[in-house]
Amino acid sequence: MRQAQITRKTGETDIQLELNLDGTGTGEIDTGVGFLNHMLELFARHGRFDLKVRCKGDTWVDDHHSVEDIGIALGQAFDAALGDRRGIRRYGQRLLPMDETLILCAADFSGRTYLGWEVRIPAEKVGTFDTELGEEFFLGFVRSARCTLHVQQLAGKNSHHILEGTFKSVARALREAAEIDPAAAEEIPSTKGTL
């Protein structure tokens, strides 16, 4: 089973996270950050990942530590669940429309970390959520998941739609990249023989 359980406890956050890459899209999310709960529920559903997240963080300061650390923990879970990455498709992509918004995402579970973030969010906040934390979440994720992720906003004016489209597009690209390729189920998808 391609599953992982992650515990991350620091002076700023206490996180319990469970991930099943081959799930049905169920999410049990309680991050202490309402907008992030919504984004992770969408992420689980669109990626068809079973995801449980519980976080107690210092949200009386702001949401930064919780959002970043949950991104790190989710990346660690992907890395652990993928193991040696044998048989995966490795690459995934998604062009996702959401009303006036259009988001392009491409992912590579290469073992190398990079985030290309070309997202222009017009508002500083969606509700109480600092919109700049979207990038912080995915920076934490790629560093721990050991993957390359490019996210480009091709259209969009509504800040909520832009962030929601981003989480959905990333989820669907990661789903494709993490899938087992039946034609190469026993192979490492690299000429190096390792990822």
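Rounded to whole numbers, the Karplus 3J(HN,Hα) couplings from phi for the range 146-157 are 6, 9, 9, 9, 10, 10, 10, 8, 8, 7, x, 10 Hz, using 6.51 cos²θ - 1.76 cosθ + 1.60 with θ = phi - 60°, and x at Gly and Pro. Between residue 117 and residue 7, what's the calculated FRET efficiency when r is the beta-carbon distance and R0 is 22 Å? Round to 0.05. That pair, residue 117 with residue 7, gives E of 0.20. Shape verdict for the chain, please, from the Cα gyration tensor: rounded (a/c under 1.5), prolate (a/b greater than b/c) or oblate. Oblate is the answer for the chain, as a/c is 1.5 or above yet b/c matches or exceeds a/b.
Neighbours of residue 88 by Cβ distance under 13 Å: Lys/Arg scored +1, Asp/Glu scored -1, total -2. Once the C-beta distance of residue 155 and residue 190 is scaled by a Förster radius of 30 Å, the resulting FRET efficiency is 0.30 to the nearest 0.05.
Is the C-alpha gyration tensor of the range 147-195 telling us rounded, prolate or oblate? Criteria: a/c under 1.5 is rounded; beyond that, a/b larger than b/c is prolate, otherwise oblate. Prolate is the answer for the range 147-195, as a/c is 1.5 or above and a/b outweighs b/c. The angle separating the long axis of helix 34-47 from the principal Cα axis of greatest extent in the chain is about 20 degrees.
Counted residue by residue at 0.36 nm each, then reduced by the alpha carbon distance between them, the extension gain from residue 183 to residue 37 reaches 48.9 nm. Amide hydrogen proximity for residue 110: with H placed 1.01 Å from N in the peptide plane, the residues at 5 or more positions away or on another chain lying under 5 Å are 148. Pairs exceeding 24 Å between alpha-carbon atoms, taken from 125/168; 9/125; 52/168; 168/192; 125/157: 9/125; 168/192. Each helix, a run of at least 4 DSSP H residues, gives -39500 (n - 2.57); summed and divided by the residues of the chain, these come to -11500 deg cm²/dmol at 222 nm. Converting phi to 3J(HN,Hα) with the Karplus coefficients 6.51, -1.76 and 1.60 and the offset θ = phi - 60°, the range 89-95 yields 5, 6, 9, x, 8, 7, 9 Hz in sequence order, with x at every glycine or proline. Ligands, DNA and RNA excluded, the heavy atoms of residue 18 present near 80 Å² of accessible surface to a 1.4 Å solvent probe. Sorting the segments 76-85, 171-180, 115-124 by their residues' average number of neighbouring beta-carbon atoms within 10 angstrom, most packed first, yields 171-180, 76-85, 115-124.
Accessible area per residue for the chain, computed on protein heavy atoms with a 1.4 Å probe, is 47 Å². The long axis of helix 133-145 is offset from the longest Cα principal axis of the chain by roughly 20 degrees. Computed from phi, the 3J(HN,Hα) profile of the range 164-177 under the Karplus parametrisation 6.51, -1.76, 1.60 (θ = phi - 60°) reads 5, x, 5, 4, 5, 5, 4, 4, 6, 5, 5, 4, 5, 5 Hz, with x in place of Gly and Pro.
If you sort the three axes of the alpha carbon gyration tensor as a ≥ b ≥ c, you get a/c of 1.5 or more for the range 1-108 and a/b no higher than b/c, which makes it oblate.
The values are calculated or read from the model by the stated rules, or taken from the named source; none is laboratory data. Just so we're clear, the structure is a prediction, and the values are computed from it rather than from any experiment. Note that each Cβ is placed from the backbone with ideal geometry, even for glycine, and that neighbours are counted across all protein chains shown. Please note that ligands, DNA and RNA were not included when accessible areas were found on the heavy atoms of the full protein model with its side chains. Shrake-Rupley method; radii C 1.70, N 1.55, O 1.52, S 1.80 Å.
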